[in-house]
Each structure stands twice: as structure tokens, then as C-alpha cells.
1. Sketch the reach of a paramagnetic label on residue 26 as a point 7 Å from Cα along Cα-to-Cβ, and name the residues of the stretch 33-55 whose backbone nitrogen lies under 15 Å away.
2. Using modelled backbone amide H atoms (1.01 Å from N, in-plane), which distant-in-sequence or interchain residues come within less than 5 Å of residue 85's amide H?
3. Binning every alpha carbon pair distance of the stretch 52-91 at 5 Å from zero, what are the percents per bin?
4. Dipole magnitude of the chain about its Cα centre, charges +1 at Lys/Arg Cβ and -1 at Asp/Glu Cβ only, in debye to the nearest 20?
Amino acid sequence: MGRADPDDTGRKHHELSVEYAGRILEQCGFSTQENAQICDAIGSHNTDGAEREGLAYVLYNADKLSRNCFDCKASDQCYWLESARNTGIKY
């Protein structure tokens, strides 16, 4: 969600994702507590999501597995460590 920054604010994508998700969840009728829990998981998916449980970890893991590093044309220029790259499709 936050990867696409229509206003080019320069803010980090996880911060924008929390902002956008909060608005969407509210419009969808999620309670304040549910909204806060989901937004917390979204906000931590690329910071401490690996050490968390539940939705935060699921989002962290999905983020990593969704990278097509194995098919990236710029992999030789990538700043990610080899251990952080998705090197194949996992089932």
C-alpha cells in the first residue's frame, strides 16, 4: 500500500501503509482496537516483524517471500544481503 506514494512525500513505505490502512480499516467498520492491532502489524513488518508473532510475522514473511530476487535484473547491484533475498519460489 505505502510503496506507491502518490504525493512523493519521501516517507518510509511502512509508515504510509499504516496511515492508508488505518483509513481503509475504519471505513470497513473495524473497531478501534482491531484497527490498532492491524496497523501495528503493518508498521512492524519490515522492522521487528521477524521477532514477532501472529499477523506481524505473517506480514513480515509474506513481504520477504513476495520479492522476486531470483528473477531480478538488478540483483548484481542490490544492497540486500544474500541471506535477505528470496532466491526461489517456496511452497
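1. 33-40, by backbone N distance to the label point.
2. Excluding prolines and chain starts, which carry no amide H, there are no hits.
3. That works out to 6, 22, 28, 21, 14, 7, 2, in percent per bin.
4. 320
No lab work stands behind these numbers, since they all come straight from the coordinates. As the structure is a computational prediction, the values presented were derived from the model and not from experiment. In this analysis, Cβ positions are derived from the backbone assuming ideal geometry, glycine residues included, and neighbour counts consider all displayed protein chains.
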